[in-house]
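Student: Encoded as structure tokens, here's the structure I'll be asking about.
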Amino acid sequence: MDFVPVNEPLLNGNEKKYLCECIDTGWISSEGPFVKAFEQKMSVTVDRKYGIAVSNGTAALEVAMQALGIGEGDEVIMPAFTIISCAMAVTKLGAIPVLVDSDLHTWNMNVDEVEAKITPKTKAIMIVHIYGLPVEVDGVLALAKKYGLKVIEDAAEMHGQTYRGKPCGSFGDISTFSFYPNKHITTGEGGMVVTDDEELAERCRMLRNLCFRKDVRYVHDEISDNYRFTNLQAAVGLAQLERLDEFVERKRAMGKYYTEQLKDIVGMILPIEKTDYADNIYWVYGIVLDRQIQADNRMIQKLLAEEGIGSRTFFWCMHEQPVYQKQGLFNRESYPNAEYLARKGFYIPSGLALTEEQMERVVTGVRGVMTRI
């Protein structure tokens, strides 16, 4: 019996054709024409003026933070429940992540708790859309305007998603995307920063390329990393982007199927289908165990693996990351909703290449595991 992976990308469009063009022309570096074409198409797709492709989603966050001038001692409000890349982009600059607990219905940052976290040191709010539904953006933008704060929107998991009809990635001062293989649009590795601010865009371009001075190459007034994105990656990304609507429809069909097949199982909380501002895009199909279930997500992951089914646990909370505890951050802080999601949440296979037969196997496996526990 074949193992059902938690994710497998779909690469049966123009990917091979465009890659062959890169090889035939010799344009494989960051200087190739597919890079600009991909930047332009992605920025138009998310209703932005400028797109700056970088090496990965973490790089996109780091470039965005540095471009906004976040620095030593600045505070950035962000969710406790997210991937560590978000906090790393803050702490690498000497700034301080200030955490907010989760909303248990959407799994996103609870916007109602943000204002209480604002201090004179607060420089920005980081929106991170989690797993399938967007953050309640209007509330964040209102607070940013009221207190004169910058907004960074991490839309890494939101390709093709909208908030009140506007594309995710179009909000705030600057937004970021990831193109890791489990995303709706993949380039293998890769990321992008998008913005409407020409000066910010130009600064991001400089930061992704070692901060070369415009007038004299190999002369640098400040330090940055090499975050460049290759023509090969862009070729794959452009082919993927041509099918975004199809991919979103496919993901939503998977989410609907799983919900219909799993809704009667006792002890599991399934993702909500919609809010008043967005329909779920099901980047991943997440499940949260009821508090009364004794098992945690790691036990579920082990049991599913025994059935030949891949799964992943949810993100681990930032305030419980050993690396930050060693640094003395988040001392004695607690975010109970985030902690609950981190311990009881997991997601099942939902990659774009998943077949109907595989989904049936996943449903059978989940039912079997829940019966056992």
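The values are calculated or read from the model by the stated rules, or taken from the named source; none is laboratory data. It should be emphasised that the depicted structure is a prediction, and the values quoted were computed from it without experimental measurement. Positions of Cβ are generated from backbone atoms using ideal geometry, with glycine treated the same way; all protein chains shown enter the neighbour counts. Quick note on the areas: whole protein, heavy atoms, side chains included, nothing else; ligands and nucleic acids left out. Shrake-Rupley method; radii C 1.70, N 1.55, O 1.52, S 1.80 Å.
Student: Say R0 is 30 Å: what FRET efficiency, to the nearest 0.05, do His105 and Thr364 get from their beta-carbon distance?
Tutor: Here the calculated transfer efficiency is 0.60.
Student: Taking the chain as the region of interest, what is the percent of Cα-Cα pairs per 20 angstrom bin, listed from the shortest bin to the one with the maximum distance?
Tutor: Pair shares across the bins are 29, 58, 14, 0.
Student: Now a separate question. Considering only DSSP beta bridges whose two residues both sit in the chain, what percent are antiparallel, to the nearest 5?
Tutor: Numbers: 24 of 41 bridges.
Taking every DSSP beta bridge within the chain, about 60 percent pair in antiparallel fashion.
Student: Shifting gears a bit: Using a Cα-Cα cut-off of under 17 Å, which aspartates and glutamates could be cross-linked to Lys251, ignoring same-chain neighbours fewer than 8 residues away?
Tutor: Output for Lys251: Glu8, Glu157, Glu242, Glu260, Glu273, Asp279, Glu356, Glu357, Glu360.
Student: Still on this structure, I have one more. How large is the dipole of the chain about the Cα centre if only Lys and Arg carry +1 and Asp and Glu carry -1, each at its Cβ, rounded to the nearest 20 debye? Don't skip to the end; give the middle numbers.
Tutor: Values: 41 positive and 52 negative charges, 72 e Å.
Using only the charged Cβ atoms, the result is roughly 340 debye.
Student: I want the antiparallel fraction of DSSP beta bridges within the range 80-201, as a percent rounded to 5. Each step should come with its number before you reach the end.
Tutor: Numbers: 8 of 16 bridges.
So the antiparallel bridges amount to about 50 percent of the total.
Student: What lysines could a cross-link reach from Lys16, if we take a straight Cα to Cα line under 21 Å and drop same-chain neighbours fewer than 8 places away?
Tutor: Lys36, Lys41, Lys183
Student: Within 9 Å, Cβ to Cβ, of Val137, how many net charges do the neighbouring residues add up to if Lys/Arg are +1 and Asp/Glu are -1? Write out the running numbers ahead of the final one.
Tutor: On the way: positive: Arg164, Lys166; negative: Glu136, Asp138, Glu153.
My count for the surroundings of Val137 gives -1.
Student: Using the heavy atoms of the protein chains alone and a 1.4 angstrom probe, what is the accessible area of the chain per residue in square angstrom?
Tutor: Dividing the accessible area of the chain by its residue count gives 44 Å².
Student: Run the Debye formula on the Cα coordinates of the range 1-145, all scatterers equal and no solvent, and tell me log10 I(q)/I(0) at q = 0.12, 0.14, 0.19, 0.21 1/Å.
Tutor: At q = 0.12, 0.14, 0.19, 0.21 Å⁻¹ the computed log10 ratios are -0.69, -0.86, -1.20, -1.32.
Student: Work the Kirkwood hydrodynamic radius out for the range 231-300: mean of 1/r over every pair of different alpha-carbon atoms, inverted, in Å.
Tutor: Details: mean 1/r = 0.0689 Å⁻¹.
When all Cα pairs of the range 231-300 are included, the Kirkwood radius is 14.5 Å.
Student: Here's a follow-up. Write down the radius of gyration of the range 125-201 and its Dmax, each obtained from C-alpha positions, in Å.
Tutor: Considering the range 125-201 through its Cα atoms, Rg and Dmax are 12.5, 40 Å.
Student: Moving on. Please compute, for the alpha-carbon atoms of the range 113-158, the extent along each of the three principal axes and give them in descending order in Å.
Tutor: For the range 113-158, the Cα spread along each principal axis is 32, 15, 15 Å.
Student: A further question follows. So which lysines pass the test for Lys145, namely a Cα distance under 28 Å, with those fewer than 8 places away in the same chain ruled out?
Tutor: Partners within reach: Lys49, Lys92, Lys117, Lys121, Lys123, Lys166, Lys274.
Student: Oh, and also: What net charge do the residues around Ile125 carry, taking every other residue with its C-beta under 14 Å from that of Ile125, with Lys and Arg at +1 and Asp and Glu at -1?
Tutor: Numbers: positive: Lys117, Lys121, Lys123, Lys145, Lys146, Lys150; negative: Asp74, Glu75, Asp112, Glu113, Glu115, Glu136, Asp138, Glu153, Asp154, Asp173.
Net of charged neighbours comes to -4.
Student: A follow-up question, please. Write out the trypsin sites (Lys or Arg not before Pro) in the range 264-319 meeting two conditions: DSSP loop, and at most 13 other Cβ atoms within 10 Å of their Cβ. Mind dumping the intermediate values first?
Tutor: Numbers: sites: Lys274, Arg291, Arg298, Lys302, Arg312; in loops: Arg291.
Those that pass, being in a loop and sparsely packed, are Arg291.
Student: Now for a separate question. Would you please name the GluC sites (Glu not before Pro) within the range 171-278 that are DSSP coil residues with at most 12 other C-beta atoms within 10 Å of their C-beta?
Tutor: Details: sites: Glu189, Glu198, Glu199, Glu202, Glu222, Glu242, Glu246, Glu249, Glu260, Glu273; in loops: Glu189, Glu222, Glu242, Glu273.
Here the sparse-neighbourhood loop sites are Glu222.
Student: Within the range 127-187, what whole-number % of the accessible surface is contributed by carbon and sulfur, with the 1.4 Å probe and all protein chains included in the calculation?
Tutor: Working: 870 of 1690 Å².
About 52 percent, which is the carbon plus sulfur part of the accessible surface.
Student: In addition: Counting other Cβ atoms within 10 Å, which GluC sites (Glu not before Pro) in the range 19-62 have at most 12 and lie in a DSSP loop? Walk me through the numbers on the way to the answer.
Tutor: On the way: sites: Glu21, Glu31, Glu39, Glu62; in loops: Glu31.
Filter output for the range 19-62: Glu31.
Student: Hey, could you get me the Stokes-Einstein D for the range 1-69, Kirkwood radius over alpha-carbon pairs, 4 °C and 1.567 mPa s, rounded to whole µm² s⁻¹? Kindly include the intermediate steps, with their values, before the conclusion.
Tutor: On the way: Rh = 14.9 Å.
It comes out at roughly 87 µm²/s.
Student: Right, another one. As an exercise, take the mean of 1/r over every pair of distinct alpha carbons in the range 248-373, invert it, and state the Kirkwood radius in angstroms. Don't jump to the answer; show the numbers that get you there.
Tutor: Numbers: mean 1/r = 0.0636 Å⁻¹.
After inverting the pairwise mean of 1/r, the radius is 15.7 Å.
Student: Sticking with this one: Leu210: net charge of surrounding residues, Cβ under 14 Å, Lys/Arg +1, Asp/Glu -1, itself excluded?
Tutor: Details: positive: Arg203, Arg205, Arg208, Arg213, Lys214, Arg217, Arg228; negative: Glu62, Asp221, Glu222, Asp225.
Net charge around Leu210: +3.
Student: Choose one of Ala278, Ile223, Ala239: the residue whose Cα lies farthest towards the positive end of the charge dipole of the range 200-285 (beta-carbon charges +1 Lys, Arg; -1 Asp, Glu; about the Cα centre).
Tutor: Ile223
Student: Can you give me the C-alpha center-to-center distance between the range 30-61 and the range 213-229, rounded to a whole angstrom?
Tutor: So the two Cα centres are separated by 19 Å.
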